[in-house]
Each structure stands twice: as structure tokens, then as C-alpha cells.
Amino acid sequence: MRENYIYGKNPVIEALKAGKDIDKIYVLKSMKDNRIFSLAKEAGIVITRTDEKKLESMAGTKNHQGVVAMITDFTYASIDEILADAKAKGEDPFVIILDQVEDTHNLGAIIRTAVCAGAHGLVIPKRRSATINQTVYKTSAGAVEYMKVAKVTNIGQCLDQLKDQGLWIYGADMNGEESYYDANMTGPIGLVIGGEDKGITDFIGKKCDVLVKIPMTEKISSLNASASAAILIYDIIRQRAKKI
């Protein structure tokens, strides 16, 4: 996996407007809010303030105009490619969908679990989501190289597409209708995991066929995204094994 940098105010603005896969933007500490800040906020891209030396090192020149954007070279898959992989293996599709999971460590941990469990693919939104970068690569212990990851514009439309292909969509929600171990999570499945702070958004929750919860004690109200994903992913594998 290779990291590339683009620098200069106009090139970075144009990259943001074009929806290019930008992992992070570095700006000079003294830079005032401008269009780059507003476009980055809209796209859910993190901006980090740093010094002149760091910017010059990344850009390889002093003519960086106080801004450098980091782009990670990673080839994303399509939903069709994920489903085709399941078909080629003669298996019911098992797709994990992340709804605004923004922590790269959580993303990496989820990918590692998904690969170990034999999931066929993972879906992330283009906006307000962690993307594949070096942190994800390290956290997943390189597992990202073995996982098909699709980046989609609209998670709701993605769920509709998966339903059209016969998948039953389960969402992890602390207010779910039933505990995960009581739910019949066999057959073609899409599993939705929500973001770190708010969980699954209301709109996506309504798109799910079933909302399942992980019972908790009164002392702690929720698990983080990667822990929740690991519990549900492996219970799906357990249930599938019992059906064989």
C-alpha cells in the first residue's frame, strides 16, 4: 500500500470537489479557515495542523502553500464483485456494512475479524467514514489485503441492492427487537455496524430487516464498534456451522 501526496491550495480544493479518496489533510498551524476547511468538513475528512518542516517533507518542496493532502493507494471493489466472490465459493453471501464508523483502528480491527471469519466483503460510505490507510493496514495486521472493500455513495441504496440480491439485513442496535443469540442469522446476510458515538443512523436502522442487540449490564451501556462486530460476526459463523 502506497501513500501519495498532493499539495497546493487549488489542487487540494479540486481534489475535494471531485470526491477524490483523501485520507487526511495537513495544513500549516497558522492557516485560517477557508474553503478547504469547509469542503473537508462536508466530506468528513480530518484536518491536522502541523509545521512548515512536516509539510515540506511530505510535499518534497517548499511550494506547498501551507496545505498537503494524503491519498492512500488502495483499489476498492464493487458490490457485484463481493457477491460474485460468494457465488464462486458456493457460499451464501456475508457482507458487513459500516454506517459512519470513523475510527481507523475500529475499521482495521473489523476487517481483521471479517477476514478471519470468512466474510465476503465490507462496505463503507464515501463520506463521514474511515477509509483504508496505513493505520487500517497496521491495525488489521495486513488482513485488508485479503478483504474486498466497497466504497459507496449511499448506504441506503446499497442495502436496497443487497436486498434485491436476496440478502437479509441485520443491524446492530442497543435497542434492537431481540438479542443476537435469539435471532436466526443464517442464509445470505448483510450485517450493519453503526458508528462509534451514535450507532446506526435512524434512516439506516429503518432499512434493516431486523435490529439485534447485545445484552449489557447496567454498568456499561455499549461496546465499541469493533467489539460489537466481532461478537456478531462470529455468532453468524456459529449459526451457519450448525446449519451445515
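The values are calculated or read from the model by the stated rules, or taken from the named source; none is laboratory data. Note that the structure is a prediction, hence the values are computed from the model and not measured. Virtual Cβ from ideal backbone geometry, glycine too; neighbours counted across all protein chains shown. Note: areas computed on protein heavy atoms with side chains; ligands, DNA, RNA excluded. Shrake-Rupley method; radii C 1.70, N 1.55, O 1.52, S 1.80 Å.
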Self-check item: Accessible surface, the stretch 1-127, averaged per residue in Å² (probe 1.4 Å)
Solution: 51
Quiz item: Antiparallel DSSP bridges in the stretch 154-244: what percent, to the nearest 5?
Solution: 10
Quiz item: One-quarter of the Cα convex hull surface for the stretch 86-210, in nm²?
Solution: 7.4
Practice problem: Quote the FRET efficiency, to the nearest 0.05, computed for Asn63 versus Asn154 with a Förster distance R0 of 35 Å and r equal to the Cβ-Cβ distance. | Solution: 0.40
Self-check item: Cross-link pairs Lys62/Lys126; Lys20/Lys213; Lys89/Lys213; Lys54/Lys148; Lys9/Lys151; Lys151/Lys206 - those with Cα-Cα distance over 28 Å
Solution: Lys62/Lys126; Lys20/Lys213; Lys89/Lys213; Lys54/Lys148
Practice problem: Beyond 17 Å, what share of the Cα-Cα pairs of the stretch 50-156 is found? Please give it as a whole percent. | Solution: 58
Practice problem: Enumerate the amide H contacts of Gly8 below 5 Å, restricted to partners 5 or more residues apart or on another chain; note that Pro and chain-start residues carry no placed amide H. | Solution: Val67
Quiz prompt | Reference-scaled alpha-carbon Rg (2.2 N^0.38 Å with N residues) for the chain | solution = 1.09
Quiz item: What does the accessible area of Cys116 come to, in Å² to the nearest 10, when a probe of 1.4 Å is used?
Solution: 90
Quiz item: In whole Å, what is the distance between the alpha-carbon centres of the stretch 98-137 and the stretch 1-73?
Solution: 23
Quiz item: If you roll a 1.4 Å probe over the chain with all protein chains in place, what percent of the accessible area is carbon or sulfur?
Solution: 47
Quiz prompt | Residues in the stretch 4-21 reached by a label modelled at Gln134 [backbone nitrogen below 20 Å; 7 Å Cα→Cβ] | solution = 4-8, 21
Quiz item: So how far apart, in nm, are the two label points at Ala84 and Asp202 if each is 7 Å from Cα heading toward Cβ?
Solution: 3.9
Quiz item: Dipole size in debye (nearest 20) for the chain around its Cα centre, Lys and Arg Cβ +1, Asp and Glu Cβ -1?
Solution: 660
Quiz prompt | Dipole of the chain, positive direction: furthest Cα of Ile204, Gly187, Val27, with charges on the beta-carbon | solution = Val27
Quiz prompt | Dipole of the stretch 1-130, positive end: most advanced residue of Ala88, Ile111, Leu16 [Cβ charges, Cα centre] | solution = Leu16
Quiz item: About the Cα centre of the stretch 61-175, what is the dipole size in debye to 20, counting +1 per Lys and Arg Cβ and -1 per Asp and Glu Cβ, all else neutral?
Solution: 420
